[in-house]
Amino acid sequence: MKKIFIYISVGLFAAGCNKFKSDINTDPNRPSKASGIQLIANAELSLPGLSSSPQGEYHAQYLGETQYPGASLYPDGGTSFYGLYQGPLMNLQTVLNSNELTVLEGPIVNQKAVAKILKAYFIWHITDRWGDVPYTEALKGSGDFTPAYDKQEVIYDSIFKLLSEANAMIVPGNIANEIMYNGDINKWKRFGNSVHLLAALRLSEVNPTKATLEFNKALVDGVMTANTDNFTFRHIADATNQSYWYGQVVNQNRVWWALTETLVDYMNPINDPRLPVYGKKASGNIYKGIPFGLTVGVPNTTSYSLMGDSIYAQNAKIYLVTYAQVLFAKAEAAKRGWIPGGDVDAKLNYDLAIDQSIRQWTGTNAGVAAYMLQSGIPYNPATALQQIGMQRWVHLFMHGFEAWAEWRRTGFPNNLVTPGGRAIPLRHAYPPNEVFNNGANYQAAVQSQFGGVDGLYGKVWWDKP
């Protein structure tokens, strides 16, 4: 009876509303359709989630659990990607499909270019975590509830295509009411090309020829040139848009995360200027990392270096793609022979990357000169790729998913631990609901990639065995 009552009530209410003229029910101050920039801005609000995740910090072994260490021990089970499709990607696709964008918010081609760049960035993040995922047939709404999974190699080709198209279509003229670069279209252009460059680097072990081609294309199109180009999400000191970590540590009083022993033991002996930003001193006025993979909680959290105040501040910055990342990529490319200059240019980019990373995190170049003289830091052609990999890992602190992807590609750091013999995952398992929601395509994807086993240890395409 309750269901019948609800259905009748809705039907009567709808019929009653239809008796009124449409203009009576229209609020001119609340448009029924979101504008292109509103959809873009709404998609941007999902960007912190690509970084602010305990799961990502565990996979990169930046943080260890103090209260519930079992949460960091790589439990089995799927991880959902539905929110990324249903939220930011659907918003961006709506912009790309729209014929109703207005020049009042900036050149329409620039609005669509920004939507393409963001779509490529979100898809890049998704495929690197899960492997093959829906792409070509995705984002069609009611037109297709069971999209096929595209091969990751095909998705990467699509990412490069989206970014190249965006770069080519941009014209002079900023866009309005955009929250990442305040509408600066030139910074968007450099960001898109920087994503192109970093995505190309991901192919270093599976297709170095294509990687070299796409890497150089991005360089020619123009990448980031300063820390002011950093793709940074800025939280505000207000509960409406505060840092995830502030909500956990301060609002919920969850003092559950400390820097890992692996991180502190690398940074502390060489007086890394970034360490006082990353974490606090423990009892005894020393920096001490927590062994990753403890099986029991730590009753006294002051025994280990907890996250630094600025890391979990209410208005904390989230560094998503940065100039230092681009410099580390250029250093690696020079060492690999993808770009001219060899070890000379590799050293120049490596040194500048460390300098810009320290400036980014500390706000000053104080300590850079002394740090560059520390043992193991000066560029050495014989160990260059390991040095670049380690410094990239330090720089990517709190951007765990990106650091995890780079660890899978390069193997650095090469001293991450396997708690209780539990290896670091190589991918995320698909959402459990896919078995029911999209069963045939899910099974086909799992079979073609991993021999029918949807687990944490099948390798994605670019993670060459």
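The values are calculated or read from the model by the stated rules, or taken from the named source; none is laboratory data. Computed from a prediction, not measured in an experiment: that's the story for all the values here. Note that each Cβ is placed from the backbone with ideal geometry, even for glycine, and that neighbours are counted across all protein chains shown. Side chains included, ligands, DNA and RNA excluded: accessible areas come from the protein's heavy atoms. Shrake-Rupley method; radii C 1.70, N 1.55, O 1.52, S 1.80 Å.
Assorted remarks:
- When the solvent-accessible area of the chain is split by element, carbon and sulfur atoms take up 55 percent of it, the probe being 1.4 Å.
- Note on the chain: Cα Rg divided by 2.2 N^0.38 Å, N the number of residues, gives 1.04.
- Sorting the segments 250-260, 326-336, 385-395 by their mean number of nearby beta carbons within 10 angstrom, highest to lowest, gives 326-336, 385-395, 250-260.
- The relative contact order of the chain, computed from alpha carbon pairs under 8 Å that lie at least 6 residues apart in sequence, is 22 percent.
- DSSP beta bridges in the chain [antiparallel fraction, %, rounded to 5]: 85
- Per-residue extension of 0.36 nm, minus the Cα-Cα distance of residue 433 and residue 241, leaves a gain of 66.1 nm for this segment.
- Semi-axes of the equivalent ellipsoid of region 171-281 are 33, 25, 13 Å, computed as sqrt(5λ) over the eigenvalues of the C-alpha gyration tensor in descending order.
- Förster radius 22 Å - calculated FRET efficiency between residue 315 and residue 45 (Cβ-Cβ, nearest 0.05): 0.90
- Using alpha carbons only: equivalent-ellipsoid semi-axes of region 310-363, gyration tensor based, whole Å: 28, 11, 5
- Kirkwood estimate for region 291-396, i.e. one over the average of 1/r between Cα atoms, Å: 15.7
- Dipole magnitude of the chain, debye to nearest 20 (Cβ charges: Lys/Arg +1, Asp/Glu -1, about Cα centre): 360
- For region 174-219, GluC sites (Glu not before Pro) meeting the loop criterion (DSSP other than H, G, I, E, B) and having at most 10 other Cβ atoms within 10 Å: none.
- Length available on full extension from residue 285 to residue 418: 0.36 nm per residue minus the Cα-Cα distance, which gives 45.0 nm.
- Helix-only mean residue ellipticity at 222 nm for the chain, each DSSP H run of n ≥ 4 adding -39500 (n - 2.57), per residue, nearest 500: -13500 deg cm²/dmol
- Those aspartates and glutamates that a straight Cα-Cα span of less than 20 Å connects to residue 281, excepting residues fewer than 8 apart in one chain: 57, 65, 261, 265, 272, 309
- Based on protein heavy atoms only, the chain ends up with 44 Å² per residue of surface accessible to a 1.4 Å probe.
- With N as its number of residues, region 126-172 has a Cα radius of gyration that, divided by 2.2 N^0.38 Å, comes to 1.36.
- Whole-percent pair-distance distribution, where bins are 5 Å wide, for the alpha carbons of region 260-303: 5, 21, 30, 25, 13, 5, 1
- Taking other residues whose beta carbon is less than 15 angstrom from the beta carbon of residue 203, and scoring Lys, Arg as +1 and Asp, Glu as -1, yields +2.
- Relative to the current alpha-carbon distance between residue 148 and residue 226, full extension at 0.36 nm per residue lengthens the span by 24.1 nm.
- In this simple spin-label approximation, residue 71 and residue 380 carry label points 7 Å from Cα along the Cα→Cβ vector, and these lie 3.9 nm apart.
- Distance from the C-alpha centroid of region 104-122 to that of region 327-382: 33 Å, rounded to the whole angstrom.
- Computed label-point distance, nm, for sites residue 370 and residue 140 using a 7 Å Cα→Cβ extension: 6.2
- For the chain, the longest principal axis of the alpha carbon atoms and the long axis of helix 384-395 meet at an angle near 60°.
- Phi angles of region 421-437 translate, via the Karplus equation with coefficients 6.51, -1.76, 1.60 and θ = phi - 60°, into HN-Hα couplings of x, 7, 5, 5, x, 9, 6, 9, 6, 5, x, x, 5, 4, 4, 9, 7 Hz per residue; Gly and Pro are given as x.
- FRET E, pair residue 99, residue 270, Förster distance 56 Å, beta-carbon r, rounded to 0.05: 0.50
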